[in-house]
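The values are calculated or read from the model by the stated rules, or taken from the named source; none is laboratory data. Please read these numbers as outputs of a predicted model, since none were measured by experiment. Reconstructed Cβ throughout: ideal geometry from the backbone, glycine too, with neighbour counts over all protein chains shown. These accessible areas exclude ligands, DNA and RNA; they are computed on the full protein's heavy atoms, side chains included. Shrake-Rupley method; radii C 1.70, N 1.55, O 1.52, S 1.80 Å.
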Amino acid sequence: MFNRAVSRLSRKRPPSDTHDSDGSSGSSRQSVKNTAKWAASLENLLEDPEGVKRFREFLKKEFSEENVLFWLACEDFKKTQDKKQMQEKAKEIYATFLSSKASSQVNVEGQSQLNEKILEEPHPLMFQKLQDQIFNLMKYDSYTRFLKSDLFLKHKRTEEEEEDLPDTQTAAKRASRSGHGGSRL
């Protein structure tokens, strides 16, 4: 269940980012480039599915992907309304990230204060302090390195190169990347 939620969160696109005005998928006509938004704040990066994807790639290489996965799981958890689902998700978050036997354990203070009794009576903000710790760890550590990484800088250069191309070339390039071939003229 947790992995499906993380996949959904990292793929989901706001409606405004799904299609350009010509109906093609992509975002070359956006007034602010993705990388510029990502560089403005970690919050902006985490709101953009493409940004989350790139940040996860970077964190995998640094062996700390569990931090963003925990943060995303907590975001999904806070939106859960159904009590039974909330219990299941709370137990899954605990087992995956916080337990001493967790497969993707995050390093936060206070995780030992969580116990089975608390997991039986979950509430939407029960992981908030731990999530905030991970957010700050990412913001002041991983995020700053991400902005200097080859992965980020390469993506930024690609955006800048596409911006310099005439619209027909940009559409053709997008179409060839998406496998549809050719440009629409």
query: Are any of the residues in segment 62-78 out of contact with any helix residue (DSSP H, G or I) (no Cβ under 7 Å at 6 or more places or on another chain), among the aromatic types (Phe, Trp, Tyr) and either within 21 Å of Leu130 (Cβ to Cβ) or at pLDDT 65 or above (or both)?
result: yes
message: Looking at Asp150 and the list (1) under 27 Å from Lys60 (Cα atoms); (2) touching a residue at least 12 places away in the same chain (Cβ under 8 Å), which single condition is not satisfied?
response: (2)
- request: Six or more apart or on different chains, Cβ under 6 Å: which pairs go from a residue in segment 116-137 that's without any contact (Cβ under 8 Å) to a residue 60 or more places away in the chain and over 28 Å from Glu43 (Cβ atoms) to one that's open to solvent by 70 Å² or more (accessible area, probe 1.4 Å) and of a type outside the set (Asp, Glu)? Could you list them?
  value: Leu119/Lys91
task: Give segment 30-60 a look and list any residue that's assigned to a helix (DSSP H, G or I), touching a residue at least 60 places away in the same chain (Cβ under 8 Å) and charged (D, E, K, R), or say none.
output: Arg54, Glu57
- line: Checked Thr144, Thr96 against criteria (open to solvent by 50 Å² or more (accessible area, probe 1.4 Å), hydroxyl-bearing (Ser, Thr, Tyr) and assigned to a helix (DSSP H, G or I)); the one match is Thr144
message: Quick check on my filter: what residues within segment 80-93 are without any contact (Cβ under 8 Å) to a residue 12 or more places away in the chain and either small (Gly, Ala, Ser) or not in a helix (DSSP H, G or I) (or both)?
response: Gln81, Asp82
